[in-house]
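Report on one structure; see the data block that follows.
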Amino acid sequence: MRNSKITGLGRYLPERVVTNDDLAKIMDTSDEWIRERSGIRERRFFELGKDTTANMGTRAARMALENAGLTPDDVDFIVFATLSPDYDFPGSGVLVQRELGIREIGALDVRNQCTGFVYGISIADQFIKSGMYNTVLVIGSEIHSSGLDLTTRGRSVSVLFGDGAGAAVLQATEEENKGILSTHLHSEGKYAEELAVLDVGSSRSVPRVTPQMIEEGTVFPVMNGNFVFKHASTRFPEAVMEALNANGYTPQDLNLLVPHQANLRISQMVQKQLNLTDDQVFNNIMKYGNTTAASIPIALSEAWEQGKVKDNDLVCLAAFGSGFTWGSALIRW
Ligand code: UT7
């Protein structure tokens, strides 16, 4: 049985650190409110003219390739997950193909928000399992800060998000029971508008952006926070259990859960519901906020570097977000 295995991880975080106190200078919020509700202490914001969603993804990808002992020429396919692409079209995957100087391989953009990286891993895994490709680059990269309402009007959403990129290299392996054991993807579109940007370049509008949208601030993300929180706290554990059950494991067998970094309170609730110890759950939202499609590969890359992901470990990735979409991946490292 041919499986896919993560052989390299990388990340890129913009240099500019924005603390909760920095935000409190430009809107009516406080370090205490943000920390208590979300666990976030600081996040990174991109540097205009230097960082782009694609080039941050490229930097993360270079690190992942280096860790895998590969060069860009070894890559057969690119999956790029983002909700904040450089252009409305084309997608950012083709820009990574250009920036890495790879031959004319395929590049696919994935639009699944916070679950984007898990969807990306699933896609890469299927391509590898089927024998179509041997080496696939999966990237999650986001620039949120240019699209947030950084005034008091937008504070309930804008304090949560940050910029960053992460990447993983997946390669084929013939080793039995190694690598990606299974992936599980879900959506529930009836809640599409509960966490969304409704009015940026929307094909529902003629013209696609109007001065009124800008004036009224409907170009910014909207979130029904309590509603999203409730769904997240049931869907996360469900997704983890689905992956464990599919492979005959229990939460006690898990070495590490790397949840999408949506809110530290959500991760803590998931940990409690699954009866996991602190050592079994990785969180870094305190430093980076919610980086959407980038949060899992950034966290996984840090966990791996800190020796928290070792050979033969059982690792679960789980995500929930806008769509609603959610999903999981179980990996024997
Ligand atoms: O990654 C995708 C998935 N996303 C998530 O999972 C996020 C899920 N939702 C959440 O994490 C939480 O709902 C939030 C952290 C966004 C909000 O926490 P909450 O405990 O649900 O707060 P709330 O929205 O009920 O607001 C409580 C109060 C309100 O004031 P009143 O009406 O009680 O006077 C808000 O106006 O806090 C106020 N508030 C703020 N105050 C200071 C809202 N945002 C802020 C702020 N600073 N940034």
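For the chain, what relative contact order do you get, as a whole percent, if you take Cα pairs closer than 8 Å and at least 6 residues apart?
Relative contact order here is 26 percent.
Between Met223 and Trp33, what is the spin-label point distance in nm, taking each point 7 Å from the Cα along the Cα→C-beta axis?
Modelled inter-label distance: 1.4 nm.
Rounded, prolate or oblate, given the Cα gyration tensor of region 1-150, with a/c below 1.5 counting as rounded?
prolate
Can you tell me what share of the DSSP beta bridges in the chain is antiparallel? A percent to the nearest 5 is fine.
Beta bridges within the chain, antiparallel portion: roughly 70 percent.
Any chance you could give the angle, 0 to 90 degrees and rounded to 10, that helix 116-129 forms with the longest Cα principal axis of the chain?
20
Please work out how much length the chain gains when fully extended from Asp311 to Glu15, using 0.36 nm per residue of separation minus the C-alpha to C-alpha distance, in nm with one decimal.
103.4 nm
For the chain, what percent of Cα pairs sit more than 36 Å apart?
14
Summarise the accessible area of the chain (1.4 Å probe, protein heavy atoms) by the percent that is carbon and sulfur.
Carbon and sulfur together cover 49 percent of it.
Mind checking region 174-257 for trypsin sites (Lys or Arg not before Pro) that DSSP puts in a loop (not H, G, I, E or B) and that have at most 11 other Cβ atoms within 10 Å?
Arg204
Taking every pair of alpha-carbon atoms in region 81-209, give the share separated by more than 21 Å as a whole percent.
In whole percent, the long-distance tail amounts to 52.
For Asp278 paired with Ile26, estimate the spin-label separation in nm (one decimal), with each label point 7 Å from Cα along the Cα-to-Cβ line.
Those two pseudo-labels are separated by 3.4 nm.
Counting helices only, and only those DSSP H runs with n ≥ 4, report the 222 nm mean residue ellipticity of the chain as the sum of -39,500 (n - 2.57) divided by its residues, in deg cm²/dmol to the nearest 500.
Helix contribution divided over all residues of the chain: -9000 deg cm²/dmol.
Could you work out how far helix 53-67 tilts from the main Cα principal axis of the chain, as a 0 to 90 degree angle to the nearest 10?
30
List nothing, just return the count: lysine pairs in the chain, 8 or more apart or interchain, with Cα separation under 22 Å.
Counting lysine pairs in the chain gives 13.
Taking the chain as the reference, fit the longest principal axis to its C-alpha atoms, fit the long axis of helix 225-246 to the helix C-alpha atoms, and give the angle between the two in degrees, 0 to 90, nearest 10.
Around 0 degrees separate the two axes.
Work from the charge dipole of the chain (Cβ charges, +1 for Lys and Arg, -1 for Asp and Glu, about the Cα centre) and give the residue of Asn20, Met241, Ser146 farthest towards its positive end.
Met241
Taking the Cα-to-Cβ direction at Glu174 and at Ser146 and moving 7 Å from each Cα, how far apart do the two end points lie in nm?
Modelled inter-label distance: 4.7 nm.
Listed highest first by mean packing, meaning other Cβ atoms within 10 Å per residue, what order do 127-133, 180-186, 54-60, 306-312 come in?
Ranking the peptides 127-133, 180-186, 54-60, 306-312 by packing returns 54-60, 180-186, 127-133, 306-312.
Would you mind getting the accessible area per residue of region 294-333, heavy atoms of the protein chains only, 1.4 Å probe, in Å²?
With all protein chains present, region 294-333 gives 23 Å² per residue.
Just subtract the alpha-carbon distance of Glu188 and Arg103 from 0.36 nm times their residue separation and send over the number in nm, one decimal.
26.9 nm
On average, how much accessible surface per residue is there in region 1-119, in Å², for a 1.4 Å probe, leaving out ligands, DNA and RNA?
47
Select from Asn283, Asn226, Asn20 the residue whose mean-square fluctuation is largest in a Gaussian network model of the chain (Cα-Cα springs shorter than 10 Å).
Of the options given, Asn226 has the highest mean-square fluctuation.
The values are calculated or read from the model by the stated rules, or taken from the named source; none is laboratory data. Being a predicted model, the structure only gives us computed values, none of them experimental. Don't worry about glycine lacking a Cβ; one is built from the backbone with ideal geometry, like all the others, and counts go over all protein chains shown. Heads up: the accessible areas ignore ligands, DNA and RNA and are worked out on the full protein's heavy atoms, side chains in. Shrake-Rupley method; radii C 1.70, N 1.55, O 1.52, S 1.80 Å.
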